[in-house]
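Throughout, read-outs are computed from the coordinates displayed, never taken from laboratory work. Here the structure is a predicted model, which means the values were calculated and not measured. FYI the Cβ positions are ideal-geometry reconstructions off the backbone, even for glycines, and counts take in every protein chain you see.
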2 protein chains.
Amino acid sequence: MSTAINLVSFEKLFSFSKSVFLSMGCPEEDAELAAKVLLSADLRGVDSHGVARLIGYVRLWEAGRINPTPNIKVIHETPSTATIDGDAGLGLVVAPKAMQIAIDKSENVGSGWVSVKNSNHYGIAGYHAMMALEHDMIGLSMTNASPLVSPTFSKERLLGTNPIAMAIPAGEEPAFVADFATTTAANGKLEILQRKQEDAPIGWVQDKDGAPSSDAAALKSGGALLPLGSDRVRSSHKGFCLGSMVDILSAVLSGAGYGPWAPPFVSFLPLPEDPVGEGLGHFFGAMRVDAFRPKEDFKSHMDNWIQRFKTAETVEGQERVLIPGTPEREIEHSRRTEGIPVLTPVIKDLEEVGKKFSLTL
Amino acid sequence: MSTAINLVSFEKLFSFSKSVFLSMGCPEEDAELAAKVLLSADLRGVDSHGVARLIGYVRLWEAGRINPTPNIKVIHETPSTATIDGDAGLGLVVAPKAMQIAIDKSENVGSGWVSVKNSNHYGIAGYHAMMALEHDMIGLSMTNASPLVSPTFSKERLLGTNPIAMAIPAGEEPAFVADFATTTAANGKLEILQRKQEDAPIGWVQDKDGAPSSDAAALKSGGALLPLGSDRVRSSHKGFCLGSMVDILSAVLSGAGYGPWAPPFVSFLPLPEDPVGEGLGHFFGAMRVDAFRPKEDFKSHMDNWIQRFKTAETVEGQERVLIPGTPEREIEHSRRTEGIPVLTPVIKDLEEVGKKFSLTL
């Protein structure tokens, strides 16, 4: 096996992932859904959140931290809100079911908002937000995550990369889809630099004493990711605000583990000894566009918005202004037809998983 | 009159501002509300958004762009949402009335979401979000604004500083109140550097060609403010996403002027010739905490969250991790008792306004 990138078809990765979830004991429908959500990351170019994480889910299941047959239930609700107990199910299954509840409530009363506890990693934030699009709704999705990020002025890691995604329908134009971690850089980008033995740009990480660092492996020696903004002068306190808002809406509101008590994704790290809540938390929202103005009016103005921004005059050397969601959509188009590039170490992980369950990729 | 800072009591500034709004023809109740919202900025240390802007509102009124007796009305609604036409009223009046509608809807169905068109500058975003606190609700407030910000890779100014505020109640601890522009730095900070003839840090502005600049006056020569993140390497596209989300929820959803069509705050700049909507737009949200979990549970966990973060181990030279809202609350405490520092040029502006209406400060 070469160290080069291996092109694997979407269908093959999908069917393998689904079989793995079935082998873990997930019902047919859940296994299908989990594979679909997981693979949406690979299709959209977010390689860190797709099949590369499959072995992580398996190890969590082996450690007894994932329940393959959860009883996902509404534990509190009003006409426009709900709180969901994910019963330690796969986040890949709990999240789309919770988002569906937000969509149903939005159908009934204009908007729906759902906070989730007792879940775990839910794949890419954007998948769930985008579920709203086919209903002509604006979708919102966020989640807290294992603590890797230091607040401004802190040496301690107290927040996850806590992503926010928002999907907004348009008319002729493709939808606006923002999906981003509330840190300057994602951990996956640092891992790429580590493999290449390159330095990280200043503003991505700090060292164990909280000093700016260009060490791409700073997290391994007690350092931390930095909130969006990088440093106080460039307003990292705003990234800290955003990450905190995600943590509170996802976990304090639902009763999940928040801040440094968020459970780790990796099974070799222990769960917090003094838990303040259950599992990881998510937060979802859906708003019917026509709960605010006629749908066709909104869509034609969104088209106008997108056209104006994408044709803005660019700085020299840049071809275009990118509307959020454009690069991911373009990658998805090519990966569906040409296949998904999978790194050799990921192929090895998948083979290890296959061996556990007597499956071949 | 010295160039030093002039300490003026809150009561004096409040009563003067209220008299000015009355002189513009606002009803008693609206003048009181507008003065309260305006002064909340001075109290909380956001000097750029308080009495320093009073003359700006007066000039917009003189230019016929502010209606002192607006018929603020709901033009579209569902149980959890509404769209408001501000009838060109003062944003300082339209915004709290719209937020009250969000709160009322939240009381009824768990959450309320209100998009506003045909408004103008609404003071500090945080005021409106904080209205939710006394109802044990989470409050959200955002607004679009005059275009001063270039998207990543763009030379053109297409977005405003588009702030987001979120207020979250706690129990024993003071509330969490985030309130921030979605740019690296606010324009007011650049104005301070210009007065001191100092350079701006790299990452705050770009020049007219879109190159990084340290010229604090770059905006005056065709430059632009940069989205939170500063540059592509440090994820300015995420700040662009945030500013865009605010623009779309505030203006495309309501029918206000969006992107480069947002009306300018200053009366000497013309309105867009080809308007795509009416006035400026805002977006508000309110969610009852007990629409998700029992109120006392939420509050005790918010207290725990705040205590954990504020006692985090700090980097050397920093005394504490600041919980969002803490510096503003501390400033408010001292300014209420000791008076509000007003710069000499602002005093002159207030005297000019006083002359127009035969009022003395």
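Annotations
- The separation of the range A:256-315 from the range B:28-66, counted between C-alpha centres, amounts to 33 Å.
- Order of B:S19, A:S9 - criterion: other Cβ atoms within 10 Å of each residue's Cβ, fewest first: A:S9, B:S19
- Using the alpha-carbon positions of the protein assembly as shown, Rg (one decimal) and Dmax (whole number) come out as 25.1, 88 Å.
- Residue-count net charge about A:R53 - beta-carbon cut-off 13 Å; Lys, Arg +1, Asp, Glu -1: -3
- Amide H partners (placed H, <5 Å) of B:F176, local residues excluded: B:I168, B:A170
- Semi-axes of the equivalent ellipsoid for the range A:182-237, computed as √(5λ) from the eigenvalues of its C-alpha gyration tensor and ordered from largest down, come to 18, 12, 9 Å.
- Shielding by other protein chains, A:194-205, mean Cβ within 10 Å: 1
- Compactness of the range A:1-87 - radius of gyration and Dmax, Cα, Å: 15.6, 55
- Too-long pairs where the Cα-Cα distance tops 28 Å, listed order kept, from A:K310/B:K73; A:K220/B:K310; A:K105/A:K295; A:K117/A:K238: A:K310/B:K73
- Average beta-carbon neighbours from other chains, 10 Å sphere, peptide A:306-313: 5
- One Cα centroid belongs to the range A:135-208, the other to the range B:126-147; the line between them spans 25 Å.
- Taking the helices alone, chain A has a mean residue ellipticity at 222 nm of -11500 deg cm²/dmol, built from -39,500 (n - 2.57) per DSSP H run of at least 4 residues and averaged over all its residues.
- Relative contact order (%) - criterion: Cα under 8 Å, at least six apart; region: chain A: 22
- The Cα-based radius of gyration and maximum Cα-Cα distance (Dmax) for chain A are 20.2, 56 Å.
- In the range B:163-288, Rg over Rh equals 1.02, where Rg is the alpha-carbon radius of gyration and Rh the Kirkwood radius from pairwise Cα distances.
- Ranking A:I75, A:V342, B:S358 by Cα position along the charge dipole of the protein assembly as shown, where only Lys, Arg, Asp and Glu carry charges on their C-beta atoms, puts A:V342 farthest toward the positive end.
- Per-residue Cβ neighbour counts within 10 Å put B:R59, A:R335 in the sequence B:R59, A:R335, beginning with the fewest.
- Average beta-carbon neighbours from other chains, 10 Å sphere, peptide B:179-187: 3
- Sequence-distant residues sharing a close amide H with A:I84 (under 5 Å, placed H): A:I75, A:S115, A:V116, A:K117
- Exposure proxy ranking for B:H76, A:H121, B:H128, based on other Cβ atoms within 10 angstrom of each Cβ and starting from the fewest, stands as B:H76, A:H121, B:H128.
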